[in-house]
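The values are calculated or read from the model by the stated rules, or taken from the named source; none is laboratory data. What you see is a predicted model; the values in this text were computed from it and never measured. Glycine gets a Cβ as well: all are built from the backbone with ideal geometry, and neighbour counts include every protein chain shown.
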Amino acid sequence: MRDMARDLDRALIRPGEAVSFRDRDDLLETLDRLDQPVPARQQGRTRDQREHFCMLRYLRRLAGEDLLPLPVTLSKPPVGQDPPDFILEWPQSL
């Protein structure tokens with residue numbers, strides 16, 4: 001059985017990685033299992049830690065409010081010219 005939380009974590013960090021979610025429950029359960037630590041400001045947060053935390057909160061908000069059409073594939077774009085933090089893709093290129 002695949003570890004969706006680890007797959008999502010990788011897809012938010014590593015360019016070229018992707019993970020798919022078949023329904024809202026699948027996405028919310030994965031977000032619940034994913035560790036989201038962010039050190040206190042005085043402990044020296046990195047930009048990557050802040051961005052990762054914000055992306056997960058954004059996804060939780062979309063899924064929690066049922067604003068995200070599913071199924072969906074989330075991917076980190078390849079390294080290039082100022083890419084977005086992540087890309088959401090739907091079947092049939094919607």
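Okay, here's what the table says:
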| quantity | calculated |
| --- | --- |
| Flag if F53 is surrounded by 12 or more Cβ atoms within 10 Å (Cβ to Cβ) and in contact (Cβ under 8 Å) with a residue 40 or more places away in the chain | no |
| Residue, farthest from L70 (Cα to Cα), within segment 8-19, restricted to residues that are surrounded by fewer than 18 Cβ atoms within 10 Å (Cβ to Cβ) and within 10 Å of the chain's Cα centre (by Cα) | I13 |
| Single condition T73 does not satisfy, out of (1) in contact with a strand residue (DSSP E or B) (Cβ under 6 Å, 6 or more places away or on another chain); (2) loosely packed, with under 14 Cβ neighbours inside 10 Å | (2) |
| Index of the failed condition, R60 passing every other in (1) free of Cβ contacts under 8 Å to residues at least 24 places away in the same chain; (2) surrounded by 16 or more Cβ atoms within 10 Å (Cβ to Cβ); (3) of a type in the set (K, R) | (1) |
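A quick yes/no check of all residues on (1) of a type outside the set (F, W, Y); (2) modelled with pLDDT under 85:
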position	(1), (2)
D23	yes, no
D26	yes, no
V38	yes, yes
R47	yes, yes
Y58	no, no
E65	yes, no
K76	yes, no
G80	yes, yes
L94	yes, yes
